[in-house]
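Trainee: Submitted below is the structure of interest, expressed as structure tokens.
The values are calculated or read from the model by the stated rules, or taken from the named source; none is laboratory data. Computed from a predicted model, the values in this text were never measured in an experiment. All Cβ positions, glycine included, derive from the backbone under ideal geometry; neighbour counts span all protein chains shown. These accessible areas exclude ligands, DNA and RNA; they are computed on the full protein's heavy atoms, side chains included. Shrake-Rupley method; radii C 1.70, N 1.55, O 1.52, S 1.80 Å.
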Amino acid sequence: MQNNFLDNSLKSLNLKTPPIFDKEEQAKYVKDWREQYVGQAVAVLRPVNTREVSSILKFAHKNKIDVVPQGGNTSLCGAATPDQSGKSIIISLEKMNNVRAFNKEAQTITVDSGMILSKIHEIVEEQNLFFPLSLGAEGSCMIGGNLSTNAGGVNVLKYGNTRELCLGLEIVLPDGKIMNLLSELKKDNTGYDLKNLFIGAEGTLGIITAATLKLFQLPKMITTLFVEADKISNAIKLLNVFTSHFPDRIESFELMPKSFWNIAKNNIDNIVMPLEKTPEMGILIDISSFSENEIIPDKNGQIPIIDTIENVLETCLESALISDATICKNESQKKSIWSIREAGAESEKKELQKSKLIKCLKHDISLPVASIESFHKDAQKMITNFLPNLKTIYFGHLGDGNLHYNVFGNGSLPDGFDGKSLELTDKLYEIVNKYNGSFSAEHGVGQLKKKSLEKHKDSVAYSLMKTIKKELDPKCIMNPGKVLF
């Protein structure tokens, strides 16, 4: 099909928002956030409702035109970037950003898939409710993309991944049919749980156009503290201590070791360090309070929850489980330290930009918590012996076993790793497998990790995934080149 015919055909769909054909205007849609992948597209379409999405997919299915669904375009694996063929169309959901229903009594909200995550936070918190999904890109990522990648974030320890926060979906299938699974029900045993096929499918099976989400009581107060331990094993012991003292109330438990802080100090302007010296093994903890009795000062002006936390920390100091600690005194201090954690990926990006020779291999892995220190020792031994002068920067969600384990190259060409970057990643994933972990924890597969999925996924499971793809998308128009070969 010639492009001029396709252009005219797309115009004939009479979408409320005109297609973008100009290459300069398309620029922000055809490259990923890390700028690892840059593709081309015939057009960028921006439907305003589900009916328009359905019309586009009917047209694409009939004419066998590749479709790349896109939310906030914050994927870290190239999942929303078209290939170089220039034959695909991008369907951006950015115009679909309405609240469809908000049930405060049931504590649910139904929104279009183009709703920006931070906007959901604002809407529900005005009603004293809480949507717990939180990640560094929340000011630009969209809930449809969060669901399509089953995003994690900093609150997984208490609330689970995005999958656990979703009650129902509306999905447009590759042939344009609309499947309405929107529901406020907590229980629905009517056959296969079809919505979970599409959560984490990265747009390869259909397009999520709306979602019903679980909401929670907004904590009356969240206490943020930063603690220094000397090694990972002590951090894990500390997790168990805090879990026993504050069951079901630990919102976040983030590992921020010395290598993380060295990058942060180099790339965050006016950074305020939480402790006097650079932490050897820092842990950022959020603890929620839901009772007024915990947060109202007593007759001596002391806040009960703070007293309780201080007593736990004192015991940990006496047993040498930790070497230092601080409790944030106000919202400004909380925001300051959390902004450093949330800028982790941006700090690394800036570090890379300082030297064009240095490349970074980014790994989003998960491990059984008890195996993290053993994995780290094995991984460091392998990396040290692999090539000279490699540097590891790791950090992540210790509470749920998710590490962002990134290796900076030494500049040796052609890829910054003497041409062996893929080999290094394979060796690292072999160690992950040794400890029964996963090579993809929360960022998804996209086009970056397709080979790893084929190699490391159970062969029967991988074959079944291909069967599902073929049945739902027989013409293979949905996000081609992502997840599966």
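Trainee: Among what's in region 108-141 and is among the polar types (S, T, N, Q) and in contact with a strand residue (DSSP E or B) (Cβ under 6 Å, 6 or more places away or on another chain), pick the residue that is nearest to Leu76 (Cα to Cα).
Mentor: So the residue we want is Ser113.
Trainee: Now a separate question. All but one of (1) surrounded by 16 or more Cβ atoms within 10 Å (Cβ to Cβ); (2) modelled with pLDDT of 95 or more hold for Asn180, so report the exception by its number.
Mentor: Every condition holds for Asn180 apart from (1).
Trainee: Still on this model: Identify, by number, the condition in (1) part of a strand (DSSP E or B); (2) touching a Cys at 6+ places or on another chain (Cβ under 9 Å) that Leu135 doesn't meet.
Mentor: Unmet condition: (1).
Trainee: Of the residues that make up region 238-251, is at least one open to solvent by 30 Å² or more (accessible area, probe 1.4 Å), out of contact with any helix residue (DSSP H, G or I) (no Cβ under 9 Å at 6 or more places or on another chain), closer than 23 Å to Phe395 by Cα and basic (Lys, Arg)?
Mentor: no
Trainee: Quick one: is Val111 aliphatic (A, V, I, L, M) and either surrounded by fewer than 23 Cβ atoms within 10 Å (Cβ to Cβ) or within 17 Å of Thr204 (Cβ to Cβ) (or both)?
Mentor: No: the conditions fail for Val111.
Trainee: It is to be established whether one or more residues within region 320-332 are at pLDDT 95 or above, of a type outside the set (A, V, I, L, M, F, W, C) and buried (at least 17 other Cβ atoms within 10 Å of the Cβ).
Mentor: So far as region 320-332 goes, yes, one or more of its residues are at pLDDT 95 or above, of a type outside the set (A, V, I, L, M, F, W, C) and buried (at least 17 other Cβ atoms within 10 Å of the Cβ).
Trainee: Do you know which residues across region 380-435 are within 23 Å of the chain's Cα centre (by Cα), open to solvent by 50 Å² or more (accessible area, probe 1.4 Å) and among the hydroxyl-bearing types (Ser, Thr, Tyr)?
Mentor: Listed by number, the list is empty, since nothing qualifies.
Trainee: Next up: Could you check, for region 449-463, whether at least one of its residues is open to solvent by 50 Å² or more (accessible area, probe 1.4 Å), aliphatic (A, V, I, L, M) and at pLDDT 95 or above?
Mentor: Scanning region 449-463 turns up at least one residue that is open to solvent by 50 Å² or more (accessible area, probe 1.4 Å), aliphatic (A, V, I, L, M) and at pLDDT 95 or above.
Trainee: Which ones in region 264-303 are open to solvent by 50 Å² or more (accessible area, probe 1.4 Å), of a type outside the set (Asp, Glu) and not in a loop (DSSP other than H, G, I, E, B)?
Mentor: Selection gives Lys265, Asn266, Asn293.
Trainee: Looking at Lys87, Lys119, Lys95, which one is part of a loop (DSSP other than H, G, I, E, B) and either under 16 Å from the mean Cα position of the chain (by Cα) or free of Cβ contacts under 8 Å to residues at least 60 places away in the same chain (or both)?
Mentor: Checking each option against the conditions leaves just Lys87.
Trainee: So Val68 passes all but one of these: (1) at pLDDT 95 or above; (2) in a loop (DSSP other than H, G, I, E, B); (3) of a type outside the set (D, E, K, R). Which condition number does it fail?
Mentor: Result: Val68 passes all but (2).
Trainee: Out of region 1-24, which residues are closer than 19 Å to Lys87 by Cβ and either open to solvent by 80 Å² or more (accessible area, probe 1.4 Å) or assigned to a helix (DSSP H, G or I) (or both)?
Mentor: Result: Met1, Gln2, Asn3, Asn4, Phe5, Leu6, Asp7, Asn8, Ser9, Leu10, Lys11, Lys23.
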